[in-house]
1. Take the conditions modelled with pLDDT under 95 and within 10 Å of the chain's Cα centre (by Cα) and apply them to ALA66. Does it pass?
2. Identify, from the list GLY16, GLY48, the residue that is small (Gly, Ala, Ser) and free of Cβ contacts under 8 Å to residues at least 40 places away in the same chain.
3. Quick one: in segment 60-69, of everything that is among the hydrophobic types (A, V, I, L, M, F, W, C) and in contact with a strand residue (DSSP E or B) (Cβ under 9 Å, 6 or more places away or on another chain), which residue is surrounded by the most Cβ atoms within 10 Å (Cβ to Cβ)?
4. Filtering segment 1-59 down to residues that are open to solvent by less than 80 Å² (accessible area, probe 1.4 Å) and of a type in the set (Asp, Glu), which residue is farthest from ILE69 (Cα to Cα)?
5. Looking at (1) without any contact (Cβ under 8 Å) to a residue 12 or more places away in the chain; (2) touching a helix residue (DSSP H, G or I) at 6+ places or on another chain (Cβ under 8 Å), find the lone condition where ASP39 falls short.
Amino acid sequence: MVVTAIKNDSAAANHGLRIGDVIVEVDQKAVSTPHQAVDEIEKLRRDGRASVIVRFFRRGVFQLTAIPI
């Protein structure tokens, strides 16, 4: 799932995500659509999680970031 837009002062932007990054996992679960990512984040929020680990691909390198939810 390619990041095509991001709000400048959003939690995602503040924790390293950029336009062009390819998100591949949310909380160690593979995602390929925005719907899958949002569903997973909403589940974590309902479970009381304060943040989510996102694995993404940028310029040939996989990276991880923790984003507050």
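1. No; evaluated as a whole, the condition is false for this residue.
2. From the options GLY16, GLY48, the qualifying one is GLY48.
3. For segment 60-69, the residue satisfying everything is ILE67.
4. ASP21
5. The number of the failed condition is (2).
The values are calculated or read from the model by the stated rules, or taken from the named source; none is laboratory data. No experiment lies behind these values; they were computed from the predicted model shown. For neighbour counting, all protein chains shown are included, and Cβ atoms are generated from backbone atoms with ideal geometry for every residue, glycine included. The accessibility values were calculated without ligands, DNA or RNA, using every heavy atom of the protein model including side chains. Shrake-Rupley method; radii C 1.70, N 1.55, O 1.52, S 1.80 Å.
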